[in-house]
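Working notes, structure below.
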Amino acid sequence: MATEQTRGLGRLLITPAVAALFIWMIVPLVMTIYFSTLDYNLLNPGTEAFVGLENYFYFLTDPAFLASLQNTLVLVGSVLAITVIIGTLVALLLDQAVIGRSIVRLMVIAPFFVMPTVSALVWKNLLMHPVSGLFAWIATSLGLRPIDWFAEAPLFAIILIVAWQWLPFATLILLTALQSLDEEQKEAAEMDGAGAFSTFFHITLPHLARPITVVILIETIFLLTVFAEIYVTTGGGPGLQTTNIAFLIYSQALIQFDVGTASAGGLVAVVLANIVAFFLVRIVGRNLET
Amino acid sequence: MGRITLEGVRKSFASHLIIKGADLDIDDGSFVVFVGPSGCGKTTLLRLIAGLEDVSEGRILIDGANVVGVPPSKRGLSMVFQSYALYPHMSVRGNIAFGLKMAGLPKAEIDRKVEAAAATLNLTPYLDRKPRELSGGQRQRVAIGRAIVREPKAFLFDEPLSNLDAALRVQMRLEVTRLQRQLGTTAVYVTHDQVEAMTMADRIVVLNAGRIEQYGSPLELYERPANIFVAGFIGSPRMNFIADEAARRYGAATIGVRPEHIKASRDGEGWEGLVTDAEHLGSDTFLHVDIAGIGNLTARSIGEIGLSAGDRARLLPDPAHIHRFDENGKALHA
C-alpha cells in the first residue's frame, strides 16, 4: 500500500465488506434502541406509544435485575476460575508422554462438541437427577442422602455444567501453549536446581500468561450470554436463583411479552458487557502486548 | 575442583546404541572440546555428564564420586545451551540470579554475586533488560553469566556459538577461553567446528559414530592423528588420501598428506597434473589438481604462485609429513 493510487483502490475494494458489516450491526442496534423507548407489549398489539426512558427505569429498578446481575458475575467468575485452573492442570497432564495419549486427548476435547441443550439434559436427567441420577446412586450406595442439585444448589449446578463444557476449550489452548515451551528452558531450570513446583511457577506459568489471557477474554464473551443450560435445567429458578441477565431479558420479552423493557434490558446488557470488557482488558490485556 | 571421569559409558535410545563405550579423564581446570560430525553423539555425551540423560551402562565420576542417578542440579555443573534457553519473562538480573535463588541463598549475597558476574561479562548496563531487548552476543553473555554465577565444578557448553555471526563468533571464542583461563574452572565444550576446537581446547576429544576416535592436544591430533577419520576431520582444507600403488611404495594401505605439506610448482619435481580449480584467497592459494593414477589432490601454497585453473602443475609432498595408515585405517608409526 505504498502509493496514493493503491491506497485509494484498497479503500474502494473494502467498502462493500465494511458497508455490509456496518448495516449488519447497526440495523438491529438501532431497532433495539427504538423499541426500548416504546411501550410495546405483544399482548396489546397496535397500542405502541413513545414513553422515553421509562422502560429503563422499570428494568433497572426491578429487584430481579440486581439478583440476575449478581448471578451473571458469579457464574462467569466461577466458570473462569474452574476452567483456567483445572484446564491448566489437565493440559500439564496431557503434555506428559503417556500411553494412549491421543485417545485421551480426543476424549478430553469431546464435551466441546456436545451442544449446550444436550449436555444440560444429560447432566439434568442422567447425572444430577435426585432419584435416577448417577450422583444420587453414588450417594445412596455410600449411605448418604442424595443431593437434589437444582433445588439445593441450583447456581452451583449450572456452574458445573457450563464449566464442564468450557474446560476442553481452556485445556486445548493451554496444551498447545505448553507444547510450544522450549525444552531447553526447562532443562536450564533443571540445571539451575528448580524442582517441579519452582519450574511450574517460574517458567511454565509465565509462559502460559498470554494463552490464559486469551482463554479468559474469549470465555467471558460467551459466558456472559449463557442461556440454553439455564433454560433446559432450571428455567431461571427456583425463584431468581439461576436467572442471569440473558435469561432475565428472555423472560421479559417472551414470558411477560414486554418487548420494550426487554429491549431496554438488552441495551443495559450491552453496556454491562462493555464495562466488563473494559476492566478485563485493563487487567489482563497487558499480557497481550508485545 | 572439577575432575570428570567417564568409565565405559554407554547410552542407547530404544534399541539404538548412541554412545558405544566412552572412557575419558578430564583434568581439573582443563578445557576439553568434544568435536565430531553431526550425529556422532557429542551432544549426547555432554548431556550424560550434565545428567539430562541417564547412562545405560558405565559410570561417570565427578571428583571421584559416582554421579550416575544424581539429579543435574546436585552435580555442581552448569550448562550453556545452544539456544541460550534464557527465561524470556525475567530480566537479565533475574536470569542470572535464578539458580542462586533456587539454592536459597540470602538476597544480599545473590545481589553481590550477580553484580560481580555481570561486571565480568560487561553486562552491568543491561541488568534490568529483558532477553528480547538484547543482541545475540549479549544474550550469549547472559547465558554464560548464568553458568558462572553458580561457581560450578565445571562448565558444559553445547555449541554455544553456533547462532552467532562469523565475526562475533571469533570474538566470543576468545572471550570464552579467556574467561575460562581466568576462572580456572574445568570446561567441556561441544562443537562441530574444528577451528573452534583447535583454537579453544587444551585437549580435544574426536568422536565418530558414538566412539572416541582420539583424545589429545590440538597439535597432537594435527601431527599424529590416530586414524584416517581423525586425520581427515582435523585440518582445513582436508588431508589428501592416496591409496593403492603410490601408498604401497611407502609401505602402507593408505597415505595422507595435508594440503599445506604439498609443494606446488609450474615445473619442478613431483606428480604432474591438471589444475581443475584454483581458489585465490590472497594470503593462500588452494589448488585442486587432477593427477593420473592418484586422483584429485589439494595443495595449499602461501600467497600467489601464478597458477590458475587449466594450467599444468607439479605437486611434491613433503616426505617428513606423510601419514601412513594400515588397511583398517589405523595410523602406522615408524
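The values are calculated or read from the model by the stated rules, or taken from the named source; none is laboratory data. Remember, predicted model here, so these are calculated numbers, not experimental data. Because the Cβ atoms are built from the backbone with ideal geometry, glycine has one as well, and the counts that use them run over all protein chains shown.
See the values below:
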read-out: Criterion violated by B:Asn66 - all others in (1) within 14 Å of chain A (Cβ to nearest Cβ); (2) free of Cβ contacts under 8 Å to residues at least 40 places away in the same chain; (3) polar (S, T, N, Q) satisfied; value: (1)
read-out: Criterion: under 24 Å from A:Thr261 (Cα atoms) and modelled with pLDDT of 85 or more - qualifying residue of A:Pro16, A:Pro28; value: A:Pro28
read-out: Count of segment B:153-195 residues which are more than 13 Å from the chain's Cα centre (by Cα) and either charged (D, E, K, R) or at negative phi (or both); value: 24
read-out: Filter pass, A:Glu187 being out of contact with any Leu (no Cβ under 6 Å at 6 or more places or on another chain), without any contact (Cβ under 8 Å) to a residue 40 or more places away in the chain, more than 30 Å from A:Val268 (Cα to Cα) and within 14 Å of another protein chain (Cβ to nearest Cβ); value: no
read-out: Which listed residue is among the acidic types (Asp, Glu), in the same structural domain as B:Thr191 (by TED's automatic domain parsing) and under 21 Å from the mean Cα position of the chain (by Cα), from B:Asp54, B:Asp111, B:Asp28; value: B:Asp28
read-out: All positions within segment B:102-123 that are over 19 Å from A:His202 (Cβ atoms), of a type in the set (A, V, I, L, M) and either surrounded by fewer than 17 Cβ atoms within 10 Å (Cβ to Cβ) or within 11 Å of another protein chain (Cβ to nearest Cβ) (or both); value: B:Ala108, B:Ala116, B:Ala119
read-out: Candidates A:Val114, A:Val118, A:Val90, A:Val104 - the one that is surrounded by 13 or more Cβ atoms within 10 Å (Cβ to Cβ) and either under 29 Å from A:Gly235 (Cβ atoms) or in contact with a Cys (Cβ under 6 Å, 6 or more places away or on another chain) (or both); value: A:Val114
read-out: Lone unmet requirement of (1) modelled with pLDDT of 85 or more; (2) closer than 17 Å to A:Leu89 by Cα; (3) away from chain B (no Cβ under 14 Å) for A:Leu121; value: (2)
read-out: Pairs with Cβ under 6 Å, 6+ apart, first in segment B:253-268 and within 19 Å of B:Phe233 (Cβ to Cβ), second of a type in the set (A, V, I, L, M) and assigned to a loop (DSSP other than H, G, I, E, B); value: B:Gly256/B:Met239; B:Arg258/B:Met239
read-out: Sole residue being among the β-branched types (Val, Ile, Thr), crowded, with 16+ Cβ neighbours inside 10 Å and more than 16 Å from B:Leu86 (Cα to Cα), chosen from B:Val170, B:Val195, B:Val190, B:Val142; value: B:Val190
read-out: Residue in segment B:312-325 that is in contact with a strand residue (DSSP E or B) (Cβ under 9 Å, 6 or more places away or on another chain), in contact (Cβ under 8 Å) with a residue 24 or more places away in the chain and assigned to a loop (DSSP other than H, G, I, E, B) present; value: yes
read-out: Tally of residues being surrounded by 21 or more Cβ atoms within 10 Å (Cβ to Cβ), more than 27 Å from the chain's Cα centre (by Cα) and either in a loop (DSSP other than H, G, I, E, B) or more than 10 Å from chain B (Cβ to nearest Cβ) (or both) across segment A:192-227; value: 2
read-out: Options B:Gly99, B:Gly94; residue that is within 13 Å of chain A (Cβ to nearest Cβ) and buried (at least 20 other Cβ atoms within 10 Å of the Cβ); value: B:Gly99
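Table: residues versus (1) of a type in the set (Ser, Thr, Tyr); (2) at negative phi; (3) more than 24 Å from the chain's Cα centre (by Cα).
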site	(1), (2), (3)
A:Leu9	no, yes, yes
A:Leu13	no, yes, yes
A:Thr32	yes, yes, no
A:Ala64	no, yes, no
A:Val74	no, yes, no
A:Leu80	no, yes, no
A:Ile86	no, yes, no
A:Leu93	no, yes, yes
